[in-house]
Amino acid sequence: MSSNLEPVPITLWLRPAASIVVGVRLHVHVRKAEKVAKFWMEPHVSVAGSYGMTSSELHMLSKVVEDNIELIRSAWNGYFNQ
């Protein structure tokens, strides 16, 4: 039996003000209130785009993604490679 359902994104809640959502390709979306950013995870963590984030917020969030890259990858693999 086949399913037409889209994969459900994985959300890593780091603190009440920010969340990181892992998409279908290896990248993460970060949302903080009305601000958003996208980070590529390979070949290294880098900002793919952002709206409303300051450079200092992007730098801090890039570090958060780098610090949690194995956790994010593990969750990604566990979900998408079931």
Do you know which residues across segment 54-72 are loosely packed, with under 15 Cβ neighbours inside 10 Å, hydrophobic (A, V, I, L, M, F, W, C) and farther than 16 Å from ARG31 by Cα?
LEU71
If you take just the strands (runs of 3 or more DSSP E) that sit entirely in the chain, which of them hold at least 1 residues that are at pLDDT 75 or above and of a type outside the set (Gly, Ala, Ser)?
27-32, 35-40, 46-51
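The values are calculated or read from the model by the stated rules, or taken from the named source; none is laboratory data. Just so you know, these numbers come straight off a predicted model, no measurement behind them. Here the Cβ is made from the backbone with ideal geometry for all residues, glycine too, and neighbour counts use every protein chain on show.
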